[in-house]
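Structure, as structure tokens:
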Amino acid sequence: DMSYGYKKGYNPQKYAENRKAEKERTYQMIDDTAIEVSRSPDKLKEFLNVQAKFDMYSAANTLLIFKQMPNATQLKSFEDWNKDGVKVRQKQKSIAILEPVEYTKSDGTPGLGYNVKRVFDRSQTNSKREAVQKTDDLKHTLKNFVNASPVEIVVGEIPNSNLGAFYNFETQQITLNENLTDTKQIFECLAQEVAFAQLADGKKSYSRRDEGFKAVCLAYMICTKYGVDKNAFAIEALPDNWKKADAKDIRRELSSVNSAYKEIVSRVNDEIYRQRQAKSKEMER
């Protein structure tokens, strides 16, 4: 039983031990799942689908959700569902995730730790499942995506290449192949190059080859998020360094993809908000 409280015969030491053991189990689950997704293309794809859906969650928490309930759509604590007037159904198994907590170290400086937080998915409640959010039409999504790019996008010729788009680290520009006319193809090509640009953001040096697989993972999530076919991205060929890496290294790689993804999604959201504001001002006139 994970619900500890001031029950009859409450023992603070036992409580602390149980909390510690629970935290260790949760960290172990993160590490085991990181290894699992880095050894199987299918598992990695499933993980990326979960991360695409939970775009504001850390890679560690996404690994936990993926392991415990990959079909989850919206997670809240028992108390938070209650506040919304939603009841968690009886005998539902909670999902463990990590919640950051600030504390003061012995030297007086602030520190950041993590506690295990128990949450439930909307499907475990008496709530009528929300309708799936309708995605914008692709041309509109593409326009927002282009406006939210971390670097300038220009249309032109890409010399000595059959690429649909290309990110140039030196010029900090993405060139979109002038011969591309299909919206879906344009989005796919730009998703991958925006991924490269975002992964390179703020770095002094950059290797397209080293960032290649992470960019593919990132583009796969972007296309999943915005309802574009993602089969163009070959997740099948896992890089050797992933297959041999330990949990810590895999978590670092996944966190790097996660940060870049959050940044892209948040800029697109800002762009959508800006457009809406402009539209409502227009209607007021």
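Put simply, when 256-269, 165-178, 238-251 are sorted by average Cβ atoms within 10 angstrom per residue, most first, you get 256-269, 165-178, 238-251.
Ligands, DNA and RNA are left out, and with a 1.4 angstrom probe the accessible area of the chain is 60 Å² per residue. In the chain, the DSSP-assigned H stretches of four residues or longer account for a calculated mean residue ellipticity at 222 nm of -17000 deg cm²/dmol, using -39500 (n - 2.57) per stretch and the full residue count as denominator.
A Förster distance of 35 Å, applied to the separation of the beta-carbon atoms of Asp229 and Asp32, puts the FRET efficiency at 0.65. Among the listed pairs Lys105/Lys248; Lys14/Lys117; Lys139/Lys203; Lys20/Lys105, those with a Cα-Cα distance over 23 Å are Lys105/Lys248; Lys139/Lys203. Peptides 156-162, 181-187, 116-122 ranked from most to least packed give 116-122, 181-187, 156-162, packing being the mean of other C-beta atoms within 10 angstrom over each peptide's residues. Only alpha carbons enter this Debye calculation for the chain, each as an equal point scatterer, and the log10 of I(q)/I(0) it gives at q = 0.08 Å⁻¹ is -0.43. For the pair Lys204 and Arg276, the difference between a 0.36 nm per residue extended length and the Cα-Cα distance amounts to 22.3 nm.
Take the solvent-accessible surface of the protein heavy atoms, probe 1.4 Å, and return the percent of it on the range 185-285 that carbon and sulfur atoms account for. Numbers along the way, then the final one.
Numbers: 2520 of 5460 Å².
Carbon and sulfur: 46 percent of the exposed surface of the range 185-285.
Using r as the Cβ-Cβ distance of Glu263 and Lys91, and R0 as 35 Å, what FRET efficiency do you calculate, to the nearest 0.05? My answer for the efficiency is 0.30. Projected label points at Ser256 and Glu22, each 7 Å from Cα along the beta carbon direction, are separated by 3.5 nanometres. The length gained on full extension between Glu170 and Lys243, counted as 0.36 nm times the residue separation minus their Cα-Cα distance, comes to 23.1 nm.
The values are calculated or read from the model by the stated rules, or taken from the named source; none is laboratory data. None of these values were measured; they are calculated from a predicted model. FYI the Cβ positions are ideal-geometry reconstructions off the backbone, even for glycines, and counts take in every protein chain you see. Please note that ligands, DNA and RNA were not included when accessible areas were found on the heavy atoms of the full protein model with its side chains. Shrake-Rupley method; radii C 1.70, N 1.55, O 1.52, S 1.80 Å.
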